[in-house]
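We did not get these values from a lab; they are worked out from the coordinates using the rules stated. Remember, predicted model here, so these are calculated numbers, not experimental data. As a convention, Cβ positions derive from the backbone with ideal geometry for all residues, glycine included, and neighbour counts pool all protein chains shown.
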Amino acid sequence: MPALDRHRKANMVRHLLREEDNLQILENHYLSKEEEYGIAKQMIAEGIKEAKSHPQHVAKRWQEHKLISEHLEHLNVTKAWE
């Protein structure tokens, strides 16, 4: 059996506390009536506010606009032999 040093003991305590928190969340996973009221509106408003405050970050998620001819350029191999 390996020796129990302070690092292992600290890691085990952190692990047990994390497990206790997870069990508590799983047992009480429902929102109260006060918390439930308006939560969807609040989450949507936060997302819109974030999108407006960082438009360049939101724009990075979208692909840049391309023409269909650019998408199909790899199929145009006949011109290479002429």
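Points worth noting:
- Of H71, A45, S32, farthest towards positive along the dipole that unit charges on Lys, Arg, Asp, Glu beta carbons give the range 31-82: A45
- Among the lysines of the chain, pairs that are 8 or more positions apart or on different chains and have alpha carbons within less than 30 Å of each other number 10.
- Between 0 and 90 degrees, the angle of helix 39-53 with respect to the longest Cα principal axis of the chain falls at about 50 degrees.
- Folded to 0 to 90 degrees: helix 6-27 orientation relative to the chain principal axis, Cα: 80
- Residue-wise HN-Hα couplings along the range 60-74, as the Karplus relation 6.51 cos²θ - 1.76 cosθ + 1.60 with θ = phi - 60° gives them from phi, are 5, 5, 8, 6, 6, 6, 9, 7, 5, 5, 5, 5, 9, 4, 5 Hz; Gly and Pro carry x.
- For the pair the range 42-57 and the range 4-37, the centres of their Cα atoms are 30 angstrom apart.
- When the alpha carbon gyration tensor of the range 6-76 is reduced to an equivalent ellipsoid, the three semi-axes, largest first, read 45, 25, 13 Å.
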